[in-house]
1. Show me 175-183, 74-82 ranked by packing, highest mean number of other Cβ atoms within 10 Å first.
2. Using a Förster distance of 25 angstrom, determine the FRET efficiency expected from the C-beta separation of residue 62 and residue 154, and round it to 0.05.
3. Can you give me the three principal axis dimensions of region 112-168 from its C-alpha atoms, in Å, biggest first?
4. Spelling out what I want: for every residue of region 186-200, take phi, set θ = phi - 60°, compute 6.51 cos²θ - 1.76 cosθ + 1.60 (Karplus), and round to whole Hz; glycine and proline get x.
5. Out of all DSSP beta bridges with both ends in the chain, state the antiparallel percent to the nearest 5.
6. Calculate, in whole percent, how much of the Cα-Cα pair population of region 84-193 lies beyond 18 Å.
7. How large is ³J(HN,Hα), in whole Hz, for each residue of region 83-96 in order, when computed from phi with the Karplus curve 6.51 cos²θ - 1.76 cosθ + 1.60 and θ = phi - 60°, using x for Gly and Pro?
8. In whole Hz and in residue order, list the ³J(HN,Hα) couplings for region 162-171 that follow from phi through the Karplus curve 6.51 cos²θ - 1.76 cosθ + 1.60, θ = phi - 60°; x for Gly and Pro.
Amino acid sequence: MQPSKTIEYFYSAHSAYAYFGAWELQRIAQKVAAHVIHRPFDFAPVMAAAGGKGFRDRSKANIGYFFGREMVRWAQWRNLPMIRHRPVHHDNPLALANGAIIAAGDSADPLRRALLQAHWRDDADLADENTVKRLAEDLGLDGDALVRAAHSDAVQAQHSANTEEAIARSVFGSPTYFVDGDMFYGQDRLMMVERALKIPFAP
């Protein structure tokens, strides 16, 4: 069955909540035969444009809840393994990992799951070329070629375009999904994404 619906998927390769929703998004897309359009973006400028606070500017209560207890619960709810600390390399640049997803083409979906899980299960550095190569090769991809492509002007231009489009469409976090232009923020809205693919919500 050919996909009749699309999900525009804006996210960053280091996003914890994108990790929690990664397999559920795959399940939904397969169930309703929807095509996922991957739009990995640079997180910091999107957050800045939306007026969001950086990690260091948040209160201890906010960090303790959204980046502590809430993450532990979601990992259990989704039955996903997760480290119990903020990844050591979490603030490293995203250009390589996001670029690799863009360059992966039809393999973007399994690669983004591998990158997200490596970061949140194994504390992997997604800015490290050898890490990205290994994860790509584990999927049967050419790691060297993928990393070269990820650094290319064309792929990085697409990364910048995704970031600008996220800002233009008022995206304020990762992950964010669009179904027929209707925006759903957060993997906890995936049940609504599934419904929207079948029956659009009234305006």
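Read-outs throughout are calculated quantities, based only on the coordinates presented, and are distinct from any laboratory measurement. What you see is a predicted model, and the numbers here were worked out from it, not measured in a lab. Here Cβ is always computed from backbone atoms with ideal geometry, including for glycine, and neighbour counts include all displayed protein chains.
1. On the way: 175-183: 18.0, 74-82: 13.7.
Going from most to least packed, we get 175-183, 74-82.
2. Details: r = 38 Å, r/R0 = 1.54.
My answer for the efficiency is 0.05.
3. The Cα atoms of region 112-168 stretch 34, 25, 17 Å along the principal axes, largest first.
4. The phi angles translate into x, 5, 6, 9, 4, 4, 6, 4, 4, 5, 5, 5, 9, 9, x Hz.
5. Working: 7 of 14 bridges.
Counting DSSP beta bridges with both partners in the chain, the antiparallel share is about 50 percent.
6. Details: 3270 of 5995 pairs.
Every Cα pair in region 84-193 considered, those over 18 Å come to 55 percent.
7. 5, 9, 9, 5, x, 4, 9, 4, 8, 5, x, 9, 4, 5
8. Each residue's phi maps through the Karplus curve to give 4, 5, 5, 5, 4, 5, 4, 9, 6, 5 Hz.
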